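Reading through the structure tokens given below for one structure.
Nothing in this text is a laboratory measurement; each read-out follows from the coordinates by a stated rule. Just so it is clear, the model here is predicted, and its values are computed rather than measured. For neighbour counting, all protein chains shown are included, and Cβ atoms are generated from backbone atoms with ideal geometry for every residue, glycine included.
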Amino acid sequence: MGNASPTSRSAPSRPAASAPSIIGSDVEIIGNVMTNGEIQLDGAVEGDVRAASVTMGENGTMHGTLTADRVIVRGRVDGSINGRIVELHKTARVTGDVKHNTLSIEAGAQVDGHFKYGAETGGVEAVKPKDMPDFTLVEDALKVTEKAPAKAAVAKTGS
């Protein structure tokens, strides 16, 4: 009875009350970022970001597609946003389309793009391509540049 083994592997889950992953103001990531948890983006990302929740600070910037159940933007996004709940604060600068189920825009926010009701995020697992293998970030898994470039390393989980 206790010999049942799991037949599928999923990404490791984070505790519900875990702290967000922080991309600091002195960090630039070139590549895609994906997590089952929350991201606080105060630096720069050149690539797509997928997470359960993304909060972008006033100095945060990204070029790519931002997909999350909850998206809070105070910085600059050059690319599309796909979020179940999207909040654009007065310092937000968005160049691209915004798909949403719930949208709030503060006076002063700037958007050059279209709004479309009906975002289909369903969480990170739903937006992850089915044929994409699970990856685990290993130390500096993406090209991270502060003053000097760091090495990149990605480890594939499972077999």
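What the table below lists for this structure:
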| read-out | value |
| --- | --- |
| Label-point separation in nm, residue 46 to residue 78, each point 7 Å along Cα→Cβ | 1.0 |
| Length added when fully stretched, residue 95-residue 112, from 0.36 nm per residue minus Cα-Cα | 5.6 nm |
